[in-house]
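Notes for the one structure printed next.
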Amino acid sequence: MQVIAFLDGRPGHEKQTRGILRELEALVNLEVIEIKVRRQTLPAMVWDLAGLLFSQKQTAGLEGYQEADFLIGTGTQTHVPMLRMKRALGIPAITCMVPASYLRSRFDLCFAPLHDGIADGGNIVTTIGPPNCSRPQGEKSVSAGLILLGGVDPKSHHWRSPEIVDRIRTIVQRGAGVHWTVSSSPRTPSDMVEMMIEIASELTNVDFFRFEETEPGWIEGQYARSSVVWVTADSMSMVYEALSAGCRVGILPVAWRRADNKFKKSADYLARHGLAVPYSAWLAGGEGQWREHEPLNEARRCAAEIVRRWPPKD
């Protein structure tokens, strides 16, 4: 199969697309053509949308793409370019996020995480969480733990650094035999970073890394070696990556602004099904709260669905 992958340069989006492509490679002989999508201003996006809705299909400049079997991409910036190429080539278009309602029916397949609240059926296939590139790798160390910090998002939640630091101290003190690696993210506020630097200087079993200090692939290496991973609840993509890597996962709470926040729904789902442990439950029940389960592999399920719907020609 030949696939055209639209990539918008955002690591979280590209991980979803690349995770599915990697699982497709295990099922079929796959050739991937990558197209880099530049971020556009709102007026430019509106212009492109008008071109999709009202202009005639154009095949000029598409030489070399005529043998493609389908298109795939993740993120709003990829949607209109994919649909314009779909119209020109007459092949299916697949996305890993729910598009805007006025574009949804134009896609042949949308993989939608459960927390988006979109019903399964037709061109919608729901997933427990977004597909990703994480996989179990080798033996994990019972003495290695990982703590991943999200940060400020005024629309989603209140970030209270002192409360989160207190919870991290409790985790570190209870896991005295574990060496903890802690990492910030682009959204982590400076006061949180400063407090973590102080904790790492005080405690010999804590190392703190600013996200700017880490290289591509660093976090996957941490998942591979860490038996336990704690993630703040505003960073659900990392929760699902850790679950896909076969880690035991705990969720550090944040103060949600709305009770129907989609990340809160996602965390509640994982807790109900024993896939992840909320901090409050862990605090009350200790290590007995962890349950054994198979690592998630939503990327493989997505790949299998693609092949089921569009079997290879050979």
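The values are calculated or read from the model by the stated rules, or taken from the named source; none is laboratory data. Everything numeric here is computed off the predicted structure, so don't read it as measured data. A quick note on method: Cβ atoms are made from the backbone with ideal geometry, for glycine too, and the neighbour counts reach across all protein chains shown.
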Checklist entry - Which helices (runs of 4 or more DSSP H) sit wholly inside region 237-314 and have at least 2 residues that are in contact with a Phe, Trp or Tyr (Cβ under 8 Å, 6 or more places away or on another chain), within 29 Å of Asp108 (Cα to Cα) and modelled with pLDDT of 95 or more? => result 298-309
Next on the checklist: Quick check on this structure: which one of Ala233, Ala200, Ala245 is closer than 15 Å to Val277 by Cα and surrounded by 13 or more Cβ atoms within 10 Å (Cβ to Cβ)?
Outcome noted: Ala233
Next on the checklist: Looking at region 82-101 only, could you name the residues that are hydrophobic (A, V, I, L, M, F, W, C), in a loop (DSSP other than H, G, I, E, B) and either in contact with a Cys (Cβ under 7 Å, 6 or more places away or on another chain) or crowded, with 22+ Cβ neighbours inside 10 Å (or both)?
Outcome noted: Cys96, Val98
Checklist entry - Say we look at region 133-170 and pick out the residues that are in contact with a helix residue (DSSP H, G or I) (Cβ under 8 Å, 6 or more places away or on another chain) and in a helix (DSSP H, G or I); which of these is farthest from Tyr240 (Cα to Cα)? => result Pro162
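Conditions (1) within 25 Å of Pro162 (Cβ to Cβ); (2) in the same structural domain as Val165 (by TED's automatic domain parsing); (3) not charged (D, E, K, R), marked per residue:
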position	(1), (2), (3)
Val206	yes, yes, yes
Gly217	no, yes, yes
Ala224	no, yes, yes
Val231	yes, yes, yes
Leu243	no, yes, yes
Arg258	yes, yes, no
Ala267	yes, yes, yes
His273	no, yes, yes
Item to check | Residue check for Gly138: exposed (fewer than 15 other Cβ atoms within 10 Å of the Cβ) and either closer than 30 Å to Arg309 by Cα or out of contact with any His (no Cβ under 8 Å at 6 or more places or on another chain) (or both) | outcome: yes
Item to check | Residue that is modelled with the highest pLDDT, among those in region 19-48 that are in a helix (DSSP H, G or I) and among the small types (Gly, Ala, Ser) | outcome: Gly19
